[in-house]
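Take a look at the structure set out below.
The values are calculated or read from the model by the stated rules, or taken from the named source; none is laboratory data. All of these numbers come straight from a predicted model, not from anything done at the bench. Heads up, the Cβs are rebuilt from the backbone with ideal geometry, glycines too, and the neighbour counts pull from every protein chain shown. Quick note on the areas: whole protein, heavy atoms, side chains included, nothing else; ligands and nucleic acids left out. Shrake-Rupley method; radii C 1.70, N 1.55, O 1.52, S 1.80 Å.
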Amino acid sequence: QVTCVEVVEAYVERIKEVNPLINAVVKDRFEEALQEAQQVDKLLSEGPGDDYLEEKFPLLGVPITVKEAFSLHGMPNTSGLVNRRNVIATSDATVVSRLKQAGAIPLGVTNCSELCMWYESSNRVYGRTNNPYDLQRIVGGSSGGEGGVLAAACSVIGVGSDIGGSIRMPAFFNGIFGHKPTTGVVPNDGQFPNAQGVRTSFLCTGPMCRYAEDLEPMLRVMAGSGVNKLKLNEKVSLEKIKFHCMDHDGGSIFVSPVDKEILQAQKKVVEHLESELGVQVRRVAIHKMKYSFQIWSAMMSSKDSNGQEAQLFTDLLGDHGKPVWPLWELMKWLVGMSSHTLPAIALGLTEKLMKLNPGGNAKLVSMGKSLQEEMEALLGPDGVLLYPSHPTIAPRHHSPICMPFNFAYTAIFNVLGLPVTQCPLGLSSEGLPLGIQLVAAPYNDHLTLAVARYLEKAFGGWVLPGKV
């Protein structure tokens, strides 16, 4: 009914209208995108047949955006690090290449936090990204620009990555869907920083979008032949899923209590599942979840099976420049002279402290392994856990500094290797997105995706910002 050029033009206009307010797209490729759209229209008019095109190019002509930490040919690839501001990608990250080969048209790259290790997307290269539901609120991180751009209807689907919740937090704060796949299914190649050592088991690349039905086709393309490890062709009978529900982590001293409206939204989901599907949602209390932040931290800094040390964040800060001394950077920051953000400097300082307690860390790593076994036994082949995406609704700018460990609600599932889908659940009394995490055992991504599609129908899914 519409040409590809018309679709791309509509999204380009939307970005031009909205981006000055939210600052999510940090570099566009509108001219190239329109040329690519013309080629799509030419291909369609020559008509090799719709069935053939659908099989060969499942995402033909679909406008997408990509987190700036991923290589997209001709686009900057700084990850918000001032020393990398002249780095231009000369190739495509594996997932970007696969999406382009499937026919998708990238419109540009989106903002992230400095070196992708903080949950507010703000840096000294591109500045700060604002939440489309309330410009005074954060978009989350590190795939925050992606969350904001999709929520504001500036793109159809987007590429994010997640080592502590970097897909799911922005998806939650911006009222969209985000999926962290089972570890090792979607390749992480071509992003900076990429995971090394033990962290290769925790970093996941995955899809972000406004509509639940788009997660699976995107995941299929991004995973390539890795998709065979998943059971995406299996029909899911929702009535046969064993649902479990946990309202909070048990009361960690490091993390905020869960907001009442988040708990109410989760309660409504439980009531809906029980009344409409006739299932019984079992309440669980998993004691070790109280130590989520400590377990994630210890596992992130542990050695891999070959004894290789985890890469220091401080070393990454020195990329394309001189070595960075976090304490000296803090002094410079206090007088406005540092080219780094305060969260990045703070992380550089705290990783030194982690090294001071090897015995405590070893205990926490072993607790993580035992929690992993407990979770996999609980979920089994047909279980889904309902769990808050974050203890608070989208916080105001800068406030994550006061509660730096709230990301533990998402981070724990990275070190446990479990697939998780973040699902929106309408808006709060202040008009900010609510949501929930759907968690399954490894390689059971099909269960969380099916439940997300169901909850979208029941609770309305994405809501256009500004629509009262």
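Details
- Amide H to amide H distances under 5 Å link CYS245 with ARG282, ARG283, VAL284, LEU386, where only residues 5 or more positions off or on other chains count and H is placed in the peptide plane.
- Alpha-carbon centroids, the range 264-321 and the range 448-466: separation in whole Å: 22 Å
- For the range 43-58, Karplus couplings with θ = phi - 60° (6.51, -1.76, 1.60), whole Hz, Gly/Pro x: 4, 5, 6, 6, x, x, x, 4, 4, 4, 5, 5, 6, 7, 10, x
- Set LYS180/LYS288; LYS100/LYS229; LYS100/LYS457; LYS100/LYS180 screened for pairs whose C-alpha atoms are more than 27 Å apart: LYS100/LYS457
- Between ASP189 and LEU135, the C-beta separation translates, for a Förster distance of 41 Å, into a calculated FRET efficiency of about 0.70.
- Taken over the range 1-99, the convex hull of the Cα atoms encloses 110 Å³ per residue.
- Separation of the range 122-193 and the range 1-70, taken as the distance between their Cα centroids, equals 20 angstrom.
- Placing +1 on the Cβ of every Lys and Arg and -1 on the Cβ of every Asp and Glu, with nothing else charged, gives the chain a dipole about its Cα centre of roughly 1340 debye.
- Ranking CYS154, GLY127, THR94 by Cα position along the charge dipole of the chain, where only Lys, Arg, Asp and Glu carry charges on their C-beta atoms, puts GLY127 farthest toward the positive end.
- In the chain, Cα pairs under 8 Å separated by at least six residues give a relative contact order of 18 percent.
- Peptides 282-288, 95-101, 417-423 ranked from most to least packed give 417-423, 95-101, 282-288, packing being the mean of other C-beta atoms within 10 angstrom over each peptide's residues.
- Net length gained if the chain between LEU21 and LYS267 were fully extended (0.36 nm per residue, minus Cα distance): 85.1 nm
- Annotation: per residue accessible area for the range 4-459 equals 40 Å², rounded to a whole number [probe 1.4 Å, protein chains only].
- Cα→Cβ-extended label distance, 7 Å offset, between ARG282 and LEU238, nm: 2.1 nm
- Residue-averaged 222 nm ellipticity for the chain, from DSSP H runs of 4+ at -39500 (n - 2.57), nearest 500: -11000 deg cm²/dmol
- Selection from ASN111, GLN422, GLY141, by position along the positive dipole direction of the chain (Cβ): GLY141
- Over 17 Å [Cα-Cα, the range 91-206], rounded percent: 53 percent
- Whole-percent pair-distance distribution, where bins are 5 Å wide, for the alpha carbons of the range 272-328: 4, 13, 11, 11, 12, 11, 9, 7, 7, 7, 5, 3, 0
- Compactness index (Cα Rg / 2.2 N^0.38 Å), the range 349-449: 1.29
- Within-12-Å neighbourhood charge of THR94 [Cβ basis; K, R +1; D, E -1]: 0
- For VAL26, the residues whose amide H sits under 5 Å from its own are VAL109, THR110, ASN111, ignoring neighbours fewer than 5 places away on the same chain, with H placed 1.01 Å from N.
- Proportion of all alpha-carbon pairs of the chain beyond 38 Å (%): 19 percent
- Local charge for VAL270 was computed over the other residues whose Cβ lies under 12 Å away, with Lys and Arg +1 and Asp and Glu -1, and equals 0.
- With the highest mean first, a sort of the peptides 297-305, 254-262 on other beta-carbon atoms found within 10 angstrom per residue produces 297-305, 254-262.
- Applied to the range 274-291, the Karplus parametrisation 6.51 cos²θ - 1.76 cosθ + 1.60 on θ = phi - 60° returns per-residue 3J(HN,Hα) values of 5, 7, 8, 9, x, 8, 10, 8, 8, 6, 10, 10, 9, 3, 5, 4, 4, 9 Hz, with x for Gly and Pro.
- Under the simplified labelling scheme, the SER370-SER45 pair shows an inter-label distance of 6.8 nm, with each label point 7 Å from Cα along Cα→Cβ.
- Each peptide among 17-27, 433-443 gets the average number of other Cβ atoms lying within 10 Å of its residues, and from highest to lowest they stand as 433-443, 17-27.
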